[in-house]
Amino acid sequence: MRTPAQKKTHIVDDAQPSIVERVYAELRELAIRFELLPGDHVNEVELARQFGVSRTPLREALNRLVSDGFLTFVAGKGFFRRSLDVKEVFDLYEMRQQLEMGLADLAVERATSEQLQGIRDFLAVSMKEDPARTVNDLVSLDEEFHEQVAALSGNIEMLHTLRTINARIRFIRWVNMENGRRRQTQGEHSAILEAIAERDAPLARSLLHAHIDGRLEQITLAIREGYAMIYMNRAQAGSTR
């Protein structure tokens with residue numbers, strides 16, 4: 001005797017990659033913008049409610065943010081937003097400096113004329129004054145230049161590492177742009193690109209070293225100003241509720 005075909009039951013697994021990726025991406029943006037304050041305890045119950053997910057994908061996303069360096073985990077206490085630490089930010093900038101100089105060496109060897117012209121075109125557009133651009137837009141343009149130059153190396157793993165560093169120092173970049181350091185940055189970008197186009201590795205390395213070295217000197221001040229901005233923004237947000 002044939003039995004009726006059983007209707008399949010589809011169970012939605014809210015730990016599927018698409019949901020984890022969505023939660024991870026949104027939490028990462030909150031961390032980058034310091035909407036999670038330095039040292040703040042992460043309220044998992046509230047975040048799960050906010051994102052409409054169970055604790056399983058949320059925990060996976062939070063653990064990834066620990067690996068990325070945005071959060072810390074304390075056994076028995078939970079997840080916390082990592083503080084803005086001068087030594088840690090300095091180390092990240094120093095790592096970025098050494099990484100980008102190595103990427104420049106590879107770019108000198110491997111970049112094609114078409115790729116170099118593409119970055120020149122990008123710089124020509126990004127250097128135009130546009131009153132509609134926000135500080136966030138300027139930071140994104142700054143990061144994009146450095147990542148386009150890194151991509152000339154053809155080394156995907158080094159590019160991925162640079163992107164991770166850029167995400168962790170984005171707030172410091174934001175403070176620097178807020179203080180009007182954009183014009184100087186753009187001129188330095190053009191010089192770096194032309195050194196690579198001339199296949200002059202020592203000059204490209206020297207220019208990158210000086211370009212990032214200037215940021216190293218500004219870290220302590222940027223962190224002090226950054227903390228002031230973070231808490232001022234939180235206070236203003238609270239007063240409008």
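The values are calculated or read from the model by the stated rules, or taken from the named source; none is laboratory data. Nothing here was measured: the structure is a model prediction, and the numbers come from that model. Backbone-built Cβ (ideal geometry, glycine too); neighbour counts: all protein chains shown.
Among the residues of the stretch 86-108, those that are free of Cβ contacts under 8 Å to residues at least 40 places away in the same chain and of a type outside the set (K, R) comprise E88, D91, Q98.
Would you confirm whether or not the stretch 37-45 contains a residue that is hydrophobic (A, V, I, L, M, F, W, C) and in a helix (DSSP H, G or I)? Among the residues of the stretch 37-45, at least one is hydrophobic (A, V, I, L, M, F, W, C) and in a helix (DSSP H, G or I), which makes the answer yes.
Counting the residues of the stretch 196-226 that are over 27 Å from L84 (Cα atoms), without any contact (Cβ under 8 Å) to a residue 24 or more places away in the chain and aliphatic (A, V, I, L, M) gives 2.
Need a quick list: helices (runs of 4 or more DSSP H) entirely within the stretch 80-191 having at least 1 residues that are among the β-branched types (V, I, T), in contact with a helix residue (DSSP H, G or I) (Cβ under 6 Å, 6 or more places away or on another chain) and within 22 Å of R28 (Cα to Cα). Show your work before the answer.
Values: elements: 86-110, 113-126, 135-151, 156-178.
Once the helices (runs of 4 or more DSSP H) in the stretch 80-191 are filtered for at least 1 residues that are among the β-branched types (V, I, T), in contact with a helix residue (DSSP H, G or I) (Cβ under 6 Å, 6 or more places away or on another chain) and within 22 Å of R28 (Cα to Cα), what remains is 86-110, 135-151, 156-178.
Answer with yes or no whether R64 is surrounded by 14 or more Cβ atoms within 10 Å (Cβ to Cβ) and at pLDDT below 90. It would help to see each step written out before you state the result.
Details: surrounded by 14 or more Cβ atoms within 10 Å (Cβ to Cβ): yes; at pLDDT below 90: no.
Criteria not met by R64.
Picking from I119, I165, which residue would you name as being under 20 Å from D68 (Cα atoms) and of a type outside the set (K, R)?
Details: I119 fails: under 20 Å from D68 (Cα atoms).
Criteria check complete, one pass: I165.
Show the residue pairs meeting these rules: Cβ distance below 7 Å; 6+ apart or different chains; first residue within the stretch 42-57 and within 14 Å of I19 (Cα to Cα); second residue of a type in the set (V, I, T). Pairs that qualify, where the first residue is within 14 Å of I19 (Cα to Cα) and the partner is of a type in the set (V, I, T), are F51/V23; V53/I19; V53/V23; P57/I19; P57/V20; P57/V23.
Taking the criterion of being among the hydrophobic types (A, V, I, L, M, F, W, C), assigned to a loop (DSSP other than H, G, I, E, B) and either without any contact (Cβ under 8 Å) to a residue 40 or more places away in the chain or farther than 28 Å from A48 by Cα (or both), the only residue of the stretch 58-79 that qualifies is A75.
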